[in-house]
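The values are calculated or read from the model by the stated rules, or taken from the named source; none is laboratory data. Quantities reported herein were computed from a predicted structural model and do not represent experimental measurements. Because the Cβ atoms are built from the backbone with ideal geometry, glycine has one as well, and the counts that use them run over all protein chains shown. The accessibility values were calculated without ligands, DNA or RNA, using every heavy atom of the protein model including side chains. Shrake-Rupley method; radii C 1.70, N 1.55, O 1.52, S 1.80 Å.
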Amino acid sequence: MKRLAEKKPRVDPTEKRTAAGNGLAAVLIAVAGLLIYGNIYEAPFVFDDLLQIVNKSAIKDLGRFLGSGEILSPRGIVDLTFALNYHFGGLEVFGYHLVNVLIHVLNGIVVYFLGITVFSRLLETEARPPATRAETAAPAGFGKPGSGVRWMALVAALVFVAHPVQTQAVTYTVQRYASMAALFYMASVLFYLRGRIKAKGRGFPSWAFYGLAILCALLAFMSKQNTASLPGAILLVEYLAVDRTWQGWKRKLLWMVPAAVLFLGLFLVLSGGVRFGRLLEDVSGLAQETDSVGRWSYLITQFRVMLVYIRLLVFPAGQNFDPFYPFQDGFFEGWTPYAFLFLAALAGAGVWQVKRRPVIALGIFWFFIALSVESSVIPIRDAMFEHRLYLPKFGFAAVVSYGLFKIFSGRTSGALAVSAAIVLALGIASYSRNEAYKEGVTLWADAADKNPRNWRAHYNLGNALRREERYADAAEEFSRALELKPDHVSSLYNLGLALERQGKIEEAVSRYEKALQIGPPTARIHMNAGAALGSLGRLDAAINHFLAAVKLDPDAAEAHYNLGFAYSRKGEFDKAAGHYKKALEIQPDHAPAHMNLAVVLAREGNVPEAIRHLTEAVRIRPEDPRPRRILRALTQEMSKSRMRGTRPPFK
């Protein structure tokens, strides 16, 4: 009896073409992203990059994330990626920018697949036009995951990737927080939808998709707190794309309420936790990033900010790295009421389009939901930043793509031609916008030029100019910042530094002392004031400042060193030696302290100990000729009771 040959399962040609098409789409999205952001890899760290990356000790110890609870801290997932960047490349900016661009490309691919899913479902439920117009209602493949829907999804993804409003979340390194949070947020929605609408018997089981959705939700919450709006996005797609019946939603209430409670508890834990004895106080604290702005003031300001956001999405001109948008005091101030009415009308249009054009409803409500944390009653120190539009951008991209294919109903080639022109224009605008990030000076000069009343932009421009040793220009910017904010201590201090570098020592001292008057005083300001006074020969005043610095920061080795040097110049060598020794206790590799202590010891006749300290200074700084010169002179003239030490710089 012949054994029947086992039949190999046939590969569906349609599925094969679909997989190939998806692969080509992903490649196109990746190429677009890499080309558009090809000019950012040397852009320096700026603004919060310095606080969250350059000067953040946590990211410089990868073991803290792998062996402790650091990864569970707020934004710990993104900090882990910064720690990996630092582990493999230190503070070389190339690696940080490359990771940011790759995350942006991944977001574009997620937008593509999320677009396929929502377009397929929503176009099936869209109200059908009369039979006489049925053939012109949509291009071929509309309403099912065929070529038309995939073209729409690809256009949405390319608009998302190419739009210049995304540059701040990609090129500004620290805003990986925004792009990674969006990645996990949109992936969670995608996996949830795939689980809800999965065809039986094909691919992964529904529970696997739900598991991935939950995992991505957790990662989103651990990336940035604005993802607290994720349940709202899930409910939105559930209603629009899965079930709009009252009967179905009555059944959902049985699990929606406990799920909401569980979500709230989880979010509070991942946001820093609460104490049960002070639950309301702690929750209120978590829902307020700053107490300098009231909830009502923040909310009414957001009505106007959201209109600016919409304008940037539609017409991305006049982008500003730091817009420094002013807060409003009253609802009827300026054009706030008109902004509120416009937003209310937009929300009403979304409700009106739920049955007629659900993609438009999705785009409108996705925009509102994605901004609901950062543009509501939760006060944040700054009213507006462009990177807050990164996640809401999906809704806008979906509406743009849908609108183009709807306008060119039945003519896919026409829709694609116009889409290509739009994406090309957006990409060129993004590439051009990225040029501003190439240097700190260009970035902050652009921000100050677009908002001359932004004291923070002038201050940061001054710092960028000072780092380039353009001290006169830096002093001008610090002065401008002080005109706008007279009590800004850092501007006074940095103005003093810039004046000192120009040789204007008296003026520098006056700025340091004014900064100390405004307060709070810091050891750093006292040390610089003392150094400037010392260079003028006013040693007693200099010593007073150094003593104040030591009182504020007893472990400031440089303050002890400067005290030692000042006492040496006064001839009080015992006091000088004591402070040099204290500086070396705190910082054993302080070469100038070793060298100057050796000079004092040599004066006292303790030549062997002086030679030991000079030898140590040579070991620490082999390139410095001064300790070698003193050491050679000392060994040659050991019989002399005194020697003249080379005077090092005062600071």
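Observations
Results for (1) closer than 26 Å to Ala398 by Cα; (2) touching a residue at least 24 places away in the same chain (Cβ under 8 Å); (3) hydroxyl-bearing (Ser, Thr, Tyr), shown as yes or no for each residue.
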| residue | (1), (2), (3) |
| --- | --- |
| Tyr325 | no, yes, yes |
| Thr336 | no, yes, yes |
| Phe342 | yes, yes, no |
| Ala349 | yes, no, no |
| Trp352 | yes, no, no |
| Pro379 | no, yes, no |
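- In the range 381-414, the residues that are of a type in the set (Ser, Thr, Tyr) and free of Cβ contacts under 8 Å to residues at least 24 places away in the same chain: Ser413
Yes/no matrix, rows are residues, columns are (1) touching a Pro at 6+ places or on another chain (Cβ under 8 Å); (2) small (Gly, Ala, Ser); (3) modelled with pLDDT under 95; (4) not in a loop (DSSP other than H, G, I, E, B):
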position: Gln328; (1), (2), (3), (4): no, no, yes, no
position: Gly334; (1), (2), (3), (4): no, yes, yes, no
position: Pro337; (1), (2), (3), (4): no, no, no, yes
position: Leu341; (1), (2), (3), (4): no, no, no, yes
position: Ala344; (1), (2), (3), (4): no, yes, no, yes
position: Val351; (1), (2), (3), (4): no, no, no, yes
position: Ala361; (1), (2), (3), (4): no, yes, no, yes
position: Pro379; (1), (2), (3), (4): no, no, yes, no
position: Leu391; (1), (2), (3), (4): no, no, no, no
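- Of the candidates Tyr567, Tyr580, the single residue that is modelled with pLDDT of 90 or more, surrounded by fewer than 23 Cβ atoms within 10 Å (Cβ to Cβ) and not in a loop (DSSP other than H, G, I, E, B) is Tyr567.
- Leu51 meets all of the listed conditions (1) more than 16 Å from the chain's Cα centre (by Cα); (2) open to solvent by 10 Å² or more (accessible area, probe 1.4 Å); (3) not β-branched (Val, Ile, Thr) but one, namely (1).
- For Asp555, the criteria (1) assigned to a helix (DSSP H, G or I); (2) of a type outside the set (A, V, I, L, M, F, W, C); (3) in contact (Cβ under 8 Å) with a residue 12 or more places away in the chain hold in every case but one, which is (1).
- Cβ-Cβ under 8 Å pairs, at least 6 apart or on other chains, the range 579-597 side over 18 Å from Ile611 (Cα atoms), far side assigned to a loop (DSSP other than H, G, I, E, B): Ala583/His590; Ile586/Asp555; Ile586/Ala556
- Filtering the range 529-550 to residues that are buried (at least 19 other Cβ atoms within 10 Å of the Cβ) and touching a residue at least 60 places away in the same chain (Cβ under 8 Å) leaves Ala531, Gly534.
- Filter result (free of Cβ contacts under 8 Å to residues at least 24 places away in the same chain and assigned to a helix (DSSP H, G or I)) within the range 433-479: Thr442, Ala445, Asp449, Leu461, Asp473, Glu476, Phe478, Ser479
- So Ala383, is it under 29 Å from Lys450 (Cα atoms), out of contact with any helix residue (DSSP H, G or I) (no Cβ under 7 Å at 6 or more places or on another chain) and of a type in the set (Gly, Ala, Ser): no
- Qualifying residue in the range 587-594 (condition: crowded, with 19+ Cβ neighbours inside 10 Å, in a loop (DSSP other than H, G, I, E, B), modelled with pLDDT of 90 or more and of a type outside the set (Ser, Thr, Tyr)): yes
- Restricting attention to the range 472-486, the residues that are open to solvent by 50 Å² or more (accessible area, probe 1.4 Å) and within 15 Å of Val441 (Cα to Cα) add up to 3.
- Residue list for the range 376-394, restricted to those being farther than 17 Å from Tyr172 by Cβ and surrounded by fewer than 24 Cβ atoms within 10 Å (Cβ to Cβ): Ser376, Val377, Ile378, Pro379, Ala383
- Residues of the range 206-265 classified as without any contact (Cβ under 8 Å) to a residue 24 or more places away in the chain and of a type in the set (S, T, N, Q), total: 3
- Given (1) surrounded by fewer than 17 Cβ atoms within 10 Å (Cβ to Cβ); (2) in a loop (DSSP other than H, G, I, E, B), index of the condition Ser223 fails: (1)
- Any chance Leu98 is touching a residue at least 24 places away in the same chain (Cβ under 8 Å) and farther than 30 Å from Leu404 by Cβ: yes
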